[in-house]
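Here the structure comes first, spelled out in structure tokens, and everything after it is commentary.
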Amino acid sequence: MKIITGIAEMKEFSHNLKKAEKKISFVPTMGKLHGGHVKLIESAKRYGETVVSIFVNPLQFGHGEDFDKYPRDIENDEKILSDLSVPVLFYPESDIVKNTGTFIVNPEYSKKLEGLFRPSHFQGVLTIVMKLFCIVEPDFAFFGLKDYQQFALIKKMAEDFFLNVKIIPVETVREESGIAMSSRNTYLDGSGKDAASAFYKILSHTAYLFKKGEKSAERLTGFAIKELIKNGFKVDYVEITDYALNKKYSDAEKGDILLAAIRYKGVRLIDNIFLS
């Protein structure tokens, strides 16, 4: 596996792939790779030469968030990528964000859901993803649906700027308990993960109530909030939206999404489930 740290070298590598008429699949990550990342990479490999980036992006962490303690394990990450036969790891230096003065902002999408609790988060996400797209020049880029709002924002950004990259969603990968895989799950011990597994079970039961005939978005979200609190979670939000993240104030419909964020023992978890 080739490891590239320089921006110019990465651009040259991508340019040479395109000269050879090869498609580039791109999986941007912040490292501490897990099964969710593996699924993204396996999906990417079916589309073209796969480039994986690892960069813990300071632009998307707000004041008092966990940038300094965010889990990092580059040695194990390299082993995972090597075992997956990933040809290129882009491991950029901090220069990629140094002295950044121009930012990508989506005022409408970014002020909803996660944006209410992490006001500068999506500005940082969109800015770093745009930078990475400009460097890697991928034909395809892969994002997990656990972070549905992030996926929707990046897809909209690619459309708005006529980027020559197709944004491909990949289904959420879960641990045996049902908890969505996340690098931040390492903050939870065994008993914490067991307790946190109730999060997805409650969302699943709420989706089941919809399937059995309950259509009121207010009653469905109210049920979920009540059950989450009963299980010891601090609720940031529970909302039902359409695919474009427009909140449902009356009836939910098939294809809508139930999105939620909770805190458990100081660890913030997000998840979602599609209504069917």
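Observations, loosely collected:
- At an R0 of 35 angstrom, the distance between the Cβ atoms of F161 and S85 translates into a FRET efficiency of 0.65.
- Contour minus Cα-Cα distance for S250 and E108 (0.36 nm per residue): 49.0 nm
- Packing, taken as the mean count of other beta carbons within 10 Å per residue, orders the peptides 242-252, 109-119, 7-17 from highest to lowest as 109-119, 7-17, 242-252.
- Short-range pairs are left out: with C-alpha atoms under 8 Å and at least six residues apart, the relative contact order of the chain is 17 percent.
- Residues with amide H under 5 Å from that of G144, placed H, sequence gap 5 or more: V170
- Mean projection of the Cα convex hull over all viewing directions, computed for the stretch 183-271: 5.8 nm².
- The label-point distance for K45 and H15, in a model that sets each label 7 Å from Cα toward Cβ, rounds to 3.0 nm.
- Of the beta bridges in the chain, as assigned by DSSP with both residues counted there, near 50 percent are antiparallel.
- In Å, descending, principal axis extents of the Cα set of the stretch 1-125: 43, 30, 26
- The Cα-based radius of gyration and maximum Cα-Cα distance (Dmax) for the chain are 19.1, 58 Å.
- Calculated FRET efficiency for the pair N76/N231, C-beta based, R₀ 25 Å, to 0.05: 0.20
- Spatially, the stretch 39-114 and the stretch 222-255 are offset by 28 Å when compared through their Cα centroids.
- Beyond 23 Å in Cα-Cα separation lie the following of the pairs K19/K146; K32/K230; K131/K156: K19/K146; K32/K230.
Each reported figure results from applying straightforward, stated rules to the coordinates on display, with no laboratory input. On a predicted model such as this, the values are computed, not experimentally measured, just so you know. In this analysis, Cβ positions are derived from the backbone assuming ideal geometry, glycine residues included, and neighbour counts consider all displayed protein chains.
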